[in-house]
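Notes to accompany the following structure.
The values are calculated or read from the model by the stated rules, or taken from the named source; none is laboratory data. These figures come from a predicted structure and were not determined experimentally. Note that we place each Cβ from the backbone using ideal geometry, even for glycine, and neighbour counts take in every protein chain shown. These area figures cover heavy atoms from the full protein model, side chains too; ligands, DNA and RNA do not enter into them. Shrake-Rupley method; radii C 1.70, N 1.55, O 1.52, S 1.80 Å.
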Amino acid sequence: MSESRETLFKQRSEHFSELEKKALSKSQLVSWLRLVVFVVGIALVCYFFSTSSYALGVLSIVAFYILFVVVVRWHSRLNYIYNNYKLLRELNLQEIDRLAGRLQQFDLGQQFADDQHAYTSDLDIFGKNSLFQLINRSVTTLGKQKLADWMRVAAVPKEVLRRQQAVAELAQEGQVDWLQDLHVKSRHYKHQNPPSFKFFDWLRSNNLYQDHPYLKILIVVLPVLTMAAIAAYFNGYSGYVAGAFLVAQFLLAYRFQKIRDEYYDNSMEMYEAMRSYKRQIIKVEQYTFHAPLLVELQDILMQQNYKASVALARLERILDYFSYRLSTLMAFFLNTVFMWDFIWIYQLEKWRKQYVPQVEGSLDVLANFEALASIASFQFANPGYAVPVLSHQPFDVRAQQLAHPLIFSVKRIANDFEMQGAGSTMVITGSNMSGKTTFLRTVGINMVMAFTGGPVCADRMIVAPVQVYTAMRTADDLSENTSSFYAELKRLRILLELTEQGAQPVFYLLDEILKGTNSRDRHQGAMALIRQLHQRNASGLISTHDLELGAMEEELPGSVFNYSFNSMIEGDKIMFDYTLRKGVCRSFNASKLMQLMGIAIADETGTSQQ
């Protein structure tokens, strides 16, 4: 944990806590003022009408209505400010939680998990205690989806560099206020799971006014005629005409009830999200950036015939008016007199024709900004992490003090690591619990972070672009009648198919391969696999308990390298240093572990020990 950053986030949370209290006090005061205005207004109106001062009574209604609206809006702005300080305080406390490894409260990103993916399941990219939980700060569907896409697919080197430059600008010391404000703007609103693009796709597929063009005339004529007929009724004319128009509107509303409800339900799912997007985009539009990627993204927002925030503001206004029919009584009144739903469905379809293609591009820009902001917040919170350098040499992977970002121990163990060239395999032997698998995951997850455009948990790292591929957590599948051994074989077959193509360099991380079969077949199979991969555009790490694989270093000198993790036994204690060393492992602890678990293991003399 970075103590300096922990102290900074604590100071910021305390600062925002004080501002939050002051804002709450002011908001409560204005709330009482709103009540006073309402009560005084009612009292004066009643007084004037009771004394037959009708002109003053009407004037009081108008004056106090305007005053009440002004106070309500003032109170709404103060509430927003109060909630903003509250969210900023909570955000800084969450940063402290992330530094301490308390990730339980954060989104798992489970919707992005895929057991068949090349590496996300084995490297804990999504799910409980995952990289996604550690890095993601976004609450919007757009931002989370974009970050997840970046984590699942490595960017090309040029794009990695552009992201690194963008993240470096956003993660500067003086940017933390702007960065955190961008995060909390989206947290004022609820965000549904369906992404915005699905709403736009649905909107494109529905054309009420194209299918029923006569409705365009009716939404203009019928409400006017209805109101005129009602006015005539109050001036002594027959009420049958007004009644006929009201019935006509009621029947139209009933005829299109299902369509109106569908438009309303789909629109309201996006209402809160659109308000959030508008505020975030305004913030992005108003700032001056210097990193090429940030400038390019901002230009997309600014080079259109209109600002993206203006288009979203218009959509927000349409959805706001549409939402007036939330009350059943209000919906009946508005749709019987004003054809309310039809008017705003028309405005929605009109907005779609004018803005949807451009707005979709703008929202993709916002998704990129949110993903970059998440990575930048992570980089700012971890100043000790290194920005990796991309190498042009094949399979060039070098790291100093490389550690696992999801291990939050005060004394987190780090190791130096280096390998180059195609056809290379590092065979890592070691005793149980010595750190073999964790080291494989350490290398893999840091490579994923590097190709995402983020920093890595190391003092220094150089890495060549590769496709990471893992085989670690293979398990049986009862639904497919598949054993764990067969599941592992299928995983290895995918690796062979991937490397057979040869076009893309593959960096593999294989843990205890072929562990589901007997030792003889396991040795033969593992050696055959190493020889096969040696001939392909691939390199990687293999962990194993089988010392026989160490002989591959002599068979393929300069291509296979032996490394190990060791343990020491002192009495009934097994000591680990989790340090990577050259050579085959010479210390083992399985027998001692079994003894500690109560299993009677015979020593070399045949005497059982417990």
Inset, instruction - Return yes when residue 384 is at pLDDT 90 or above, in contact with a strand residue (DSSP E or B) (Cβ under 9 Å, 6 or more places away or on another chain) and either assigned to a strand (DSSP E or B) or surrounded by fewer than 23 Cβ atoms within 10 Å (Cβ to Cβ) (or both) and no when it is not. - result: no
Legend entry - Among the residues listed as 349, 370, the single one being assigned to a helix (DSSP H, G or I), acidic (Asp, Glu) and surrounded by fewer than 21 Cβ atoms within 10 Å (Cβ to Cβ): 349
Legend entry - Subset of the stretch 245-259 (residues that are out of contact with any helix residue (DSSP H, G or I) (no Cβ under 7 Å at 6 or more places or on another chain) and open to solvent by 60 Å² or more (accessible area, probe 1.4 Å)): 247, 251, 254, 255, 257, 258
Inset, instruction - Could you tell me whether residue 112 is touching a residue at least 40 places away in the same chain (Cβ under 8 Å), under 30 Å from residue 470 (Cβ atoms) and crowded, with 17+ Cβ neighbours inside 10 Å? - result: yes
Inset, instruction - Tell me, please, whether a residue that is open to solvent by less than 60 Å² (accessible area, probe 1.4 Å), more than 30 Å from residue 463 (Cα to Cα) and without any contact (Cβ under 8 Å) to a residue 24 or more places away in the chain can be found in the stretch 217-229. - result: yes
Inset, instruction - Scan (1) exposed (fewer than 15 other Cβ atoms within 10 Å of the Cβ); (2) touching a residue at least 12 places away in the same chain (Cβ under 8 Å); (3) among the hydrophobic types (A, V, I, L, M, F, W, C) for the single condition residue 234 breaks and write down its number. - result: (2)
Inset, instruction - Kindly indicate whether any position in the stretch 194-201 is closer than 22 Å to residue 274 by Cβ and not in a helix (DSSP H, G or I). - result: yes
Legend entry - Hey, residue 210 of a type in the set (S, T, N, Q), open to solvent by 40 Å² or more (accessible area, probe 1.4 Å) and assigned to a helix (DSSP H, G or I) or not: yes
Inset, instruction - For residue 518, indicate whether it is open to solvent by 40 Å² or more (accessible area, probe 1.4 Å) and in contact with a helix residue (DSSP H, G or I) (Cβ under 9 Å, 6 or more places away or on another chain). - result: no
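To keep it simple, each residue is scored yes or no on (1) open to solvent by 80 Å² or more (accessible area, probe 1.4 Å); (2) at pLDDT below 90; (3) touching a Gly at 6+ places or on another chain (Cβ under 6 Å); (4) not aliphatic (A, V, I, L, M).
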position	(1), (2), (3), (4)
14	yes, no, no, yes
18	yes, no, no, yes
43	no, no, no, no
54	yes, yes, no, yes
57	no, yes, no, yes
65	yes, yes, no, yes
68	no, yes, no, yes
72	no, yes, no, no
79	no, no, no, yes
Legend entry - residue 331 vs. criteria touching a residue at least 40 places away in the same chain (Cβ under 8 Å), assigned to a helix (DSSP H, G or I) and not basic (Lys, Arg): no
Legend entry - Members of the stretch 140-194 that are open to solvent by 50 Å² or more (accessible area, probe 1.4 Å), closer than 19 Å to residue 452 by Cα and under 18 Å from the mean Cα position of the chain (by Cα): 145, 149, 152, 153
Inset, instruction - Among what's in the stretch 439-476 and is under 27 Å from residue 566 (Cβ atoms) and hydroxyl-bearing (Ser, Thr, Tyr), pick the residue that is most open to solvent (accessible area, probe 1.4 Å). - result: 474
Inset, instruction - Answer with yes or no whether residue 590 is at pLDDT 80 or above, surrounded by fewer than 16 Cβ atoms within 10 Å (Cβ to Cβ) and among the hydrophobic types (A, V, I, L, M, F, W, C). - result: no
Inset, instruction - Confirm whether residue 437 is under 22 Å from residue 492 (Cβ atoms), assigned to a strand (DSSP E or B) and not aliphatic (A, V, I, L, M). - result: no
Inset, instruction - Please indicate, with yes or no, whether at least one residue in the stretch 116-127 is part of a loop (DSSP other than H, G, I, E, B) and exposed (fewer than 15 other Cβ atoms within 10 Å of the Cβ). - result: yes
Inset, instruction - Could you tell me which residue of the stretch 128-139 is nearest to residue 113 (Cα to Cα), considering only residues that are at pLDDT 95 or above and under 8 Å from the mean Cα position of the chain (by Cα)? - result: 132
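For every residue, the table says whether it meets (1) small (Gly, Ala, Ser); (2) within 30 Å of residue 40 (Cβ to Cβ).
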site: 65; (1), (2): no, yes
site: 76; (1), (2): yes, yes
site: 84; (1), (2): no, no
site: 100; (1), (2): yes, no
site: 103; (1), (2): no, no
site: 107; (1), (2): no, no
site: 120; (1), (2): no, no
